[in-house]
Amino acid sequence: MKKTLTILVLAAMLLSAFVLSTSAATNDPAIPTAEAPYGTPVIDAEVDAIWANATAYKYGADTKGSQLTAGQFRVMWDENYLYFLFEITDSTMMDEAGYLADKNWYARDQVAMAFNPAGDRTATTGAGTSTPHFWYAYRPYGIVPNFCQVPMACFITETPGAATADSLDFTKHPMNTRMYAYKITNTGYVIEAKVNLSVKFAEWKNEAGKRVEFDTFVYGNDYTAENTAAKQDHIFPWADASVTSYKDNSKKGQILLLAKPEVTTAPAGTTAPAGTTAPAGTTAPSNPATGDDNSVAVIAVIAVLAIAGTAVTVVAKKVRD
């Protein structure tokens, strides 16, 4: 009987581990995924120390030319925004006057972003607001083409009533209302930005464990004094090498919002270590990832343990009898 009891307990433990591992693997591992740690960067186009917590994701090889890289991006999140840092390499850029005057949005330097908060990867086409996705681009010197005409408060400015043509011009908004910033560097440009998906999708809420369909591209124009033509000379993809994910949700990658870091409280009479945020006298709970995957796993494990407990009780009773 003791041998039977041991076997039942081991079987329950193995089954629990199997349920946990399989229930957490509901997302396709083939989908490129950018992991976003929790944090709130300052939007000033400076690469602050907080960005060291986020993985840098490289853009892929040029689909139209011979350049090998365009730089990298990182992403973070908090309860209000998704935060992005783009560090782009570009040695053939127009001057500021050229960008501000030029309207060839598809043919000049820019970082494009495409989102699908609805989560349905069914293929879609078009750029209208009736589709569950939208896309836009950040250009150097502060021009933002908004291809789907979503509210400007999603990603350009939080100024009330700013949903006009002027809102595409970075120079028309005071610094404290802007949702992105840029900096020209010796090797290209930096763009730092925050995105509020709930402005367009009221049902969206930033939470640990959630995923949002996403892709990004870098477009490059070989502008020189001798070559001023507006032309897409380079396209650097991240998730979709075909560069059609802006209108095809099935080809998007995704962003995974990682769990918040644990915060602890120092014992009475001691000084809390740097980086902790819990109020004095309290202990802040850890924040594991949330979502359907973990809920299903927990329920399944509880059920398995309940069955195992019943089996153990029956066997124990037989042993006593």
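Does T244 count as in a loop (DSSP other than H, G, I, E, B), without any contact (Cβ under 8 Å) to a residue 60 or more places away in the chain and either among the polar types (S, T, N, Q) or surrounded by 17 or more Cβ atoms within 10 Å (Cβ to Cβ) (or both)?
Yes: the conditions hold for T244.
Taking the condition of being in contact (Cβ under 8 Å) with a residue 60 or more places away in the chain and of a type in the set (A, V, I, L, M), how many residues in the range 136-157 meet it?
1
In the range 179-210, what residues are farther than 21 Å from Y38 by Cβ and in contact with a strand residue (DSSP E or B) (Cβ under 7 Å, 6 or more places away or on another chain)?
If the condition is that a residue be farther than 21 Å from Y38 by Cβ and in contact with a strand residue (DSSP E or B) (Cβ under 7 Å, 6 or more places away or on another chain), then A181, Y182, K183, T187, G188, Y189, V190, I191, K200 are the ones that fit.
Quickly run through the range 49-79 and pick out the residues that are at pLDDT 95 or above and not in a strand (DSSP E or B).
A49, I50, W51, A52, N53, A54, T55, A56, Y59, D78, E79
For the range 49-88, how many residues are acidic (D, E) and more than 16 Å from D109 (Cα to Cα)?
2
Considering each of P174, P151, P145 in turn, give the residue that is open to solvent by 60 Å² or more (accessible area, probe 1.4 Å), under 21 Å from Y83 (Cα atoms) and at pLDDT below 95.
Of P174, P151, P145, the one residue that is open to solvent by 60 Å² or more (accessible area, probe 1.4 Å), under 21 Å from Y83 (Cα atoms) and at pLDDT below 95 is P174.
Scan the range 57-97 residue by residue and report those that are touching a Gly at 6+ places or on another chain (Cβ under 9 Å) and aliphatic (A, V, I, L, M).
Of everything in the range 57-97, those that are touching a Gly at 6+ places or on another chain (Cβ under 9 Å) and aliphatic (A, V, I, L, M) turn out to be A70, M76, I88, M93.
In the range 26-61, what count of residues is obtained for those that are over 20 Å from T185 (Cα atoms), of a type in the set (A, V, I, L, M, F, W, C) and free of Cβ contacts under 8 Å to residues at least 12 places away in the same chain?
1
Give the number of residues within the range 83-115 that are open to solvent by 20 Å² or more (accessible area, probe 1.4 Å), β-branched (V, I, T) and closer than 17 Å to T216 by Cβ.
Of the residues in that region, 1 qualify.
Only residues that are touching a residue at least 40 places away in the same chain (Cβ under 8 Å) and of a type in the set (S, T, N, Q): list them for the range 62-78, please.
Across the range 62-78, the qualifying residues are T63, Q67, T69.
Take T187 and decide whether it is of a type outside the set (G, A, S), at pLDDT 90 or above, surrounded by fewer than 19 Cβ atoms within 10 Å (Cβ to Cβ) and within 20 Å of A56 (Cα to Cα).
Yes.
The values are calculated or read from the model by the stated rules, or taken from the named source; none is laboratory data. Everything quoted here is computed from the prediction, not taken from an experiment. FYI the Cβ positions are ideal-geometry reconstructions off the backbone, even for glycines, and counts take in every protein chain you see. Areas reflect the complete protein model, heavy atoms only, side chains present, ligands, DNA and RNA absent. Shrake-Rupley method; radii C 1.70, N 1.55, O 1.52, S 1.80 Å.
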